[in-house]
Amino acid sequence: MENTARIYGNEIFFNFIEIDYSEVKNNPNLIKDIQQEKLAGFITKNVFSLQEVEEIKTALANIPQEEKRIGPMAELFPLPFTSASDSGDRLNAYINKAAALQKHRSAKAIDMLLTRFEQFFTAVGHPFEVQVTRLKNQGAACAAGNFRSFFPNKGGFYVHCEYFIQKKAPFYYQLVEPLSQEGQLSYLVQLQNSEVGGELTLYNMLWKDIQDKEKQEDNEYVIDKSGKRIYLKDMKHFSVNAQPGDVVVFSGGPIWHRVEDILGTKPRITYGGFLKFTADGKGLRYWG
Ligand SMILES: O=C(O)CCC(=O)C(=O)O
C-alpha cells in the first residue's frame with residue numbers, strides 16, 4: 001500500500017485505509033471488515049470540522065478539574081474502565097463516574113461529540129445493532145469513551161494491545177453484559193496533535209504470537225510465546241498520524257501498538273475508547 005500524509009512507513013503491511021466522512025454511507029461494513037480480518041483499521045477524515053474540534057476542547061476545559069483524573073503523564077475524563085476493580089470503593093467510584101460524561105451532555109459540544117459517534121458507528125457498523133455497553137447488574141450505561149490529554153515530554157503510551165490490557169483488567173468484562181471473547185477494536189477522534197511525536201505506531205506483532213511483557217510499562221521489548229524477548233526496533237512497523245477531526249478505528253485487540261513520545265509544548269488530546277461485539281454476535285458495544 002502507498003504512503004499517505006496520515007499512514008506512512010517503510011511498508012504498510014496491514015490493510016489500513018483512509019476515507020472521507022462523506023463516503024461512510026457507501027462503506028457500511030467497515031467494522032465487519034475488521035471483524036473478518038479483511039481490514040486492520042481505517043481513518044475517517046473530517047468527521048468533525050476544525051470549528052467543532054475547538055468547541056469540544058473548550059467544553060472539555062470547562063469540566064471542573066476535580067472531576068478529572070490527573071496522573072503524572074495524562075489527564076483523563078471520565079475514569080477509564082481499567083480503573084474498575086472488585087475492591088468495593090473503586091467499583092463504586094467507577095459506577096458513579098460512568099455517568100459523568102453523560103451528565104456533561106448538557107454542554108452542546110459534548111452532546112454533539114456523543115451524537116456524532118452514535119451516527120458514525122451506526123453508519124460503519126452495519127449490520128450490528130450499536131449501543132454503549134451497559135453494566136450487567138445495575139443496567140446503567142458505561143461511559144461511551146473518555147478524553148485523554150497526554151502531557152508533553154512525559155513519554156507516550158507504552159506498547160500494548162487490548163487483549164494484553166484485558167488480561168490485566170479482567171474485572172471490567174465480568175461487570176458488563178456478555179461480550180464476545182473474540183475481537184476488540186479501539187477508536188478515537190484526534191482533537192489536538194502534539195508539535196512533535198504522538199503518532200500511533202502499529203507493529204507487525206499479533207496477540208496469537210506475543211502475549212506478555214516483563215513489566216507493563218516496558219517500551220523496548222515484549223515476550224513471545226517461547227519466552228524470547230522481541231525488540232520493537234527489530235520489528236516492522238508503520239505510523240498512523242491522525243489530524244484534528246479525524247476518527248481512527250482499528251483492531252487494537254490483537255495488534256500490538258503504542259503512542260510515540262509526545263514532544264514540544266502542547267498536550268496530545270483525543271477522545272476515544274473501545275468496541276466489542278455482543279456474545280450473541282448481533283450487537284456492537286462501545287465504551288471508554
Ligand atoms: O491514542 C491513540 O492513538 C491510541 C490509543 C490506544 O492505544 C488505544 O486506543 O488502544
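Laboratory data are not the source of any read-out in this text; all were calculated from the coordinates shown. Keep in mind the model is a prediction, meaning the values are calculated, not measured. Cβ coordinates were reconstructed from backbone atoms using ideal geometry, including for glycine residues, and neighbour counts include every protein chain displayed.
Ordering TRP287, ALA123, GLY264 by the projection of their Cα atoms onto the charge dipole of the range 7-287, which places +1 on the Cβ of Lys and Arg and -1 on the Cβ of Asp and Glu, puts TRP287 at the extreme positive end. If R0 is taken as 41 Å, the Cβ-Cβ distance between ASN204 and ILE95 corresponds to a FRET efficiency of 0.60.
Taken one residue at a time, the phi angles of the range 256-270 give Karplus couplings (6.51, -1.76, 1.60, θ = phi - 60°) of 5, 8, 8, 9, 5, 3, 9, 10, x, 10, 9, x, 8, 10, 9 Hz. Gly and Pro are set to x. 3J(HN,Hα) couplings calculated from phi for the range 225-232 with the Karplus curve 6.51 cos²θ - 1.76 cosθ + 1.60 (θ = phi - 60°) are, in sequence order, 5, 8, x, 7, 6, 10, 7, 4 Hz; Gly and Pro show x.
Run the paramagnetic zone check for ILE70: 7 angstrom along Cα to Cβ, then residues of the range 241-281 with backbone nitrogen under 19 Å. Hits in the range 241-281 for ILE70 at 19 Å: 265-270. Can you tell me how the range 162-259 classifies by the Cα gyration tensor, rounded, prolate or oblate, using a/c under 1.5 as the rounded cut? Verdict is oblate for the range 162-259.
Sorted by packing (mean other beta-carbon atoms within 10 Å per residue), highest first, where do 66-74, 52-60, 100-108 land? Before the final figure, lay out each step's value.
Working: 66-74: 13.2, 52-60: 18.6, 100-108: 16.1.
By packing density, highest mean first, the sequence is 52-60, 100-108, 66-74.
Computed from the Kirkwood radius of its Cα pairs, the Stokes-Einstein diffusion coefficient for the range 56-187 at 20 °C and 1.002 mPa s stands at 132 µm²/s.
One decimal place: the segment HIS126-ASN3 gains 41.4 nm when fully extended, by the rule 0.36 nm per residue minus the C-alpha distance.
Across the options VAL222, MET1, TYR94, the greatest Cα extent toward the positive end of the charge dipole of the chain (unit charges at beta carbon of Lys, Arg, Asp, Glu) belongs to TYR94.
With +1 on the Cβ of every Lys and Arg and -1 on the Cβ of every Asp and Glu, and nothing else charged, how large is the dipole of the range 7-287 about its Cα centre, in debye rounded to the nearest 20? Let's see the in-between values first.
Values: 33 positive and 34 negative charges, 107 e Å.
That gives a dipole near 520 debye.
Can you list which of the trypsin sites (Lys or Arg not before Pro) found in the range 113-183 are DSSP loop residues with at most 12 other C-beta atoms within 10 Å? Before the final figure, lay out the partial values.
On the way: sites: ARG116, ARG134, LYS136, ARG148, LYS154, LYS167, LYS168; in loops: LYS136, LYS154.
Filter output for the range 113-183: LYS136.
Can you give the local net charge around PRO254? Use residues other than it whose beta-carbon is closer than 11 angstrom to its beta-carbon, Lys and Arg +1, Asp and Glu -1.
-3
For the range 113-229, the convex hull drawn through the C-alpha positions has a volume of 157 cubic angstrom per residue.
Phi angles of the range 238-253 translate, via the Karplus equation with coefficients 6.51, -1.76, 1.60 and θ = phi - 60°, into HN-Hα couplings of 9, 9, 10, 10, 5, 10, x, x, 7, 10, 10, 10, 8, 7, x, x Hz per residue; Gly and Pro are given as x.
What trypsin sites (Lys or Arg not before Pro) in the range 233-288 are in a loop by DSSP, with at most 11 other Cβ atoms within 10 Å of the Cβ?
For trypsin sites (Lys or Arg not before Pro) across the range 233-288 that sit outside H, G, I, E and B with at most 11 neighbouring Cβ atoms in 10 Å, the list reads LYS282.
Membrane-span-like helices in the chain, defined here as complete DSSP H runs extending at least 18 Å along the helix axis by their C-alpha atoms with mean Kyte-Doolittle hydropathy no lower than 0.0, are 108-124; this is a sequence and geometry rule, not a statement about a membrane. Residues whose amide H lies under 5 Å from that of VAL132, counting only those 5 or more places away or on a different chain, are TYR286; hydrogens are built 1.01 Å from N in the peptide plane. Note on the range 7-287: the alpha carbon radius of gyration divided by the globular reference 2.2 N^0.38 Å gives 0.95.
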